[in-house]
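Q: Have a look at the structure that comes next, please.
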Amino acid sequence: MTIERYRNPFLLYVLSILIPWILWFIAAYLSHIEPISNVYVVVASILGIIGLSSPMVIAFILIFSDPDLRNDLSNRFINLGFVKSYC
């Protein structure tokens, strides 16, 4: 069964919590440095966006390491076989 192939939930949850918060704390530190520089603002914004999207990237990394999970993911997003035509 495909659901049994998703065997790293603890790793997913730990990394999905630690990595964004680390990046957000670095961004918060940079945003409080005086005098405020445009470079700090840009770097803090980039770190915030990377931290926001990192759980998705972590999930994709864990999924794409297994060929069966890759197929399952692509079938769920691309497969339109369940759509019935009413015409």
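Q: What's the angle, to the nearest 10 degrees (0 to 90), between helix 38-64's Cα axis and the longest principal axis of the chain?
A: 20
Q: Against the longest alpha carbon principal axis of the chain, how many degrees, from 0 to 90 and to the nearest 10, is the axis of helix 67-78 turned?
A: 90
Q: Give, to the nearest whole percent, the P(r) tail of the chain beyond 21 angstrom, counting all Cα pairs. Don't skip to the end; give the middle numbers.
A: On the way: 1943 of 3741 pairs.
Tail fraction, whole percent: 52.
Q: Then there is this: Subtract the Cα-Cα distance of Val43 and Ser16 from 0.36 nm times their separation in residues, and report this length gain in nm to one decimal. Let's see the in-between values first.
A: Details: separation 27, 0.36 × 27 = 9.72 nm, distance 2.08 nm.
Difference between extended and current length: 7.6 nm.
Q: Restricting to DSSP H runs of at least four residues, report the calculated mean residue ellipticity at 222 nm for the chain, -39500 (n - 2.57) per run over all residues, nearest 500 deg cm²/dmol.
A: Details: 3 runs with 62 residues, N = 87.
Here the helix-only value at 222 nm equals -24500 deg cm²/dmol.
Every read-out reported here was derived from the displayed coordinates using simple, explicitly stated rules and does not represent laboratory data. Quick caveat, the model's predicted, so the values are computed rather than measured.
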